[in-house]
Amino acid sequence: MFETSGGLLTIDLNIIKSNYARLRHELGGKDCAAVVKADAYGLGLEPVSKALWQAGARSFFVALPNEGIELRNYLPEADIHILVGALPGTEEVLQDHNLIPVLNSLEQIKRWDSRGRFDIQIDTGMTRLGLPPRDLQHLPQGLKADILMSHFACADDKDHALNQHQIEAFNHATQHIAHKRASLANSSGIFLSEHAQFDLGRPGCALYGINPTPHKTNPMGNPVRLQGKIAQVHDIDTQQSVGYGATQKLQAGQKLATIALGYADGYLRSLSSQGELYINDVKVPVVGRVSMDVISIDVSGLDVAEGQWVDVIGPHNPPDLLAEKAGTIGYEILTSLGGRYQRVYKG
Ligand SMILES: Cc1ncc(COP(=O)(O)O)c(C=O)c1O
């Protein structure tokens with residue numbers, strides 16, 4: 001398999017574990033959960049969640065019941081929380097797998113009844129999931145949530161006015177609903193202030209190396225390395241063009257290499273003529289359009305050969321930088337990482 005794939009994706013679980021420890025440190029004595037939805041942000045639910053358990057995480061969040069059911073196989077003793085909540089008809093299956101729904105509406109609270117542990121989410125300003133504050137007065141008597149939670153809309157923008165508003169609205173909710181633990185902060189929220197942290201941090205992206213403090217140097221380590229294989233080398237001896245749409249012209253004397261990964265593997269098409277790869281620390285630009293299975297890079301003046309590996313994501317080219325060039329966010333780069341890569345886990 002190693003020899004037959006066009007991309008080699010290496011994920012360093014030790015870096016994910018040390019990112020978890022870094023976040024715990026930031027949280028002082030407070031607890032730290034781990035958000036592992038969407039296949040642990042594309043890095044692999046089983047190896048990543050087992051590594052985080054080893055690092056000390058005991059509360060895990062996924063988006064959907066089917067993700068929780070899968071995770072239960074890997075972590076029989078973990079608290080597994082389901083962010084979309086108890087949607088109609090899923091109550092029994094949640095109970096059967098000992099999954100804890102984040103109840104987001106009065107209807108969900110009513111349907112869940114007293115089947116088992118549950119969380120409650122309050123909408124403090126994102127209008128996505130969670131009870132609107134006006135519903136607080138309609139809650140049944142005697143309710144006690146495991147985790148009372150809400151979610152920041154703009155925590156990555158430390159000066160955004162909505163942050164303080166959400167902290168205040170959440171504080172208000174904590175006084176009206178009985179709960180064991182309160183949780184508001186995602187990765188960026190943990191770094192906002194002590195007032196944003198409450199009892200339990202709920203980081204996702206920072207565990208996987210995305211910068212939770214975009215205004216400052218990234219305090220997290222990047223656990224991802226992606227290498228692409230050179231499929232062909234072209235010595236250009238006449239004026240011609242490269243790729244679909246013939247968008248980029250070539251001159252005699254240039255040298256191109258075709259790399260065996262493309263947008264079907266999550267190398268986004270918006271990186272056409274924008275992306276940069278690295279060959280032994282030398283930056284090489286993507287030329288022309290990204291195709292489904294291949295991209296082309298300009299390797300003029302470099303000694304390269306078919307079968308050689310080239311760095312696509314790595315120390316020079318972390319997901320956040322690639323995202324900036326692609327006009328997106330690091331989360332999308334990670335969750336788009338393709339299924340055709342050979343995956344290797346370190347640690
Ligand atoms: C409710 C909730 N909590 C926590 C997180 C983790 O956020 P982040 O990846 O920004 O740390 C997410 C991710 O989208 C989320 O939806």
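Which percent of the accessible heavy-atom area of the range 224-346 goes to carbon and sulfur, probe 1.4 angstrom? Can you show the working numbers first?
Numbers: 2710 of 5830 Å².
Within the range 224-346, the accessible surface is 46 percent carbon and sulfur.
Once phi is turned into θ = phi - 60°, what whole-Hz ³J(HN,Hα) does the Karplus curve with 6.51, -1.76 and 1.60 give for every residue of the range 221-232, x standing for Gly and Pro?
Couplings: x, 8, x, 10, 10, 10, 10, x, 9, 6, 9, 6 Hz.
Just the accessible area for Ser18, please: 1.4 Å probe, Å², rounded to the nearest 10?
Accessible surface of Ser18 is approximately 60 Å².
Scanning the chain for GluC sites (Glu not before Pro) in DSSP loops with at most 13 other Cβ atoms within 10 Å, what's the longest stretch left with none? Please report the intermediate quantities before stating the final value.
Working: sites that count: Glu3, Glu77, Glu306.
Of all site-free stretches, the longest is 78-305.
Please quote Rg/Rh for the range 33-208 to two decimal places, taking the Kirkwood radius as Rh and restricting both calculations to Cα atoms.
Using Cα coordinates only, the ratio equals 0.95.
Would you work out if the range 224-346 is rounded, prolate or oblate? Take a ≥ b ≥ c from the square roots of the eigenvalues of the alpha-carbon gyration tensor; rounded if a/c is under 1.5, else prolate when a/b is larger than b/c, oblate otherwise. Mind dumping the intermediate values first?
Numbers: a/c = 1.83, a/b = 1.47, b/c = 1.25.
Prolate shape, in that a/c is at least 1.5 and a/b is the bigger ratio.
Excluding ligands and nucleic acids, what accessible area in Å² is computed for Arg269 using a 1.4 Å probe, to the nearest 10?
Accessible surface of Arg269 is approximately 130 Å².
With r defined as the distance between the Cβ atoms of Asn14 and Glu332 and R0 fixed at 22 Å, what FRET efficiency is calculated, to the nearest 0.05?
After rounding to 0.05, the efficiency reads 0.30.
Can you give the translational diffusion coefficient of the chain in µm²/s, computed by Stokes-Einstein from the Kirkwood radius over Cα pairs at 20 °C and 1.002 mPa s?
Calculated translational D: 98 µm²/s.
Taking Rh as the Kirkwood radius computed over C-alpha pairs, what is the Stokes-Einstein D of the range 215-265 at 37 °C in a medium of viscosity 0.692 mPa s, expressed in µm² per second? Write down the numbers at each step before the final one.
Numbers: Rh = 14.1 Å.
Rounded to a whole number, D works out at 233 µm²/s.
Before I look further, what does the chain give for accessible area per residue, probe 1.4 Å, in whole square angstrom?
45 Å²
Within 15 Å, Cβ to Cβ, of Ser300, how many net charges do the neighbouring residues add up to if Lys/Arg are +1 and Asp/Glu are -1?
My count for the surroundings of Ser300 gives -2.
Among the listed pairs Lys30/Lys180; Lys37/Lys216; Lys283/Lys325, which are separated by more than 20 Å between their Cα atoms?
Numbers: Lys30/Lys180 13 Å; Lys37/Lys216 26 Å; Lys283/Lys325 14 Å.
Table pairs above 20 Å Cα-Cα are Lys37/Lys216.
The values are calculated or read from the model by the stated rules, or taken from the named source; none is laboratory data. As the structure is a computational prediction, the values presented were derived from the model and not from experiment. When we count neighbours, we look across all protein chains shown, and the Cβ atoms used for this are built from the backbone with ideal geometry, even at glycine. All accessible areas refer to the heavy atoms of the entire protein, side chains included, with ligands and DNA or RNA removed. Shrake-Rupley method; radii C 1.70, N 1.55, O 1.52, S 1.80 Å.
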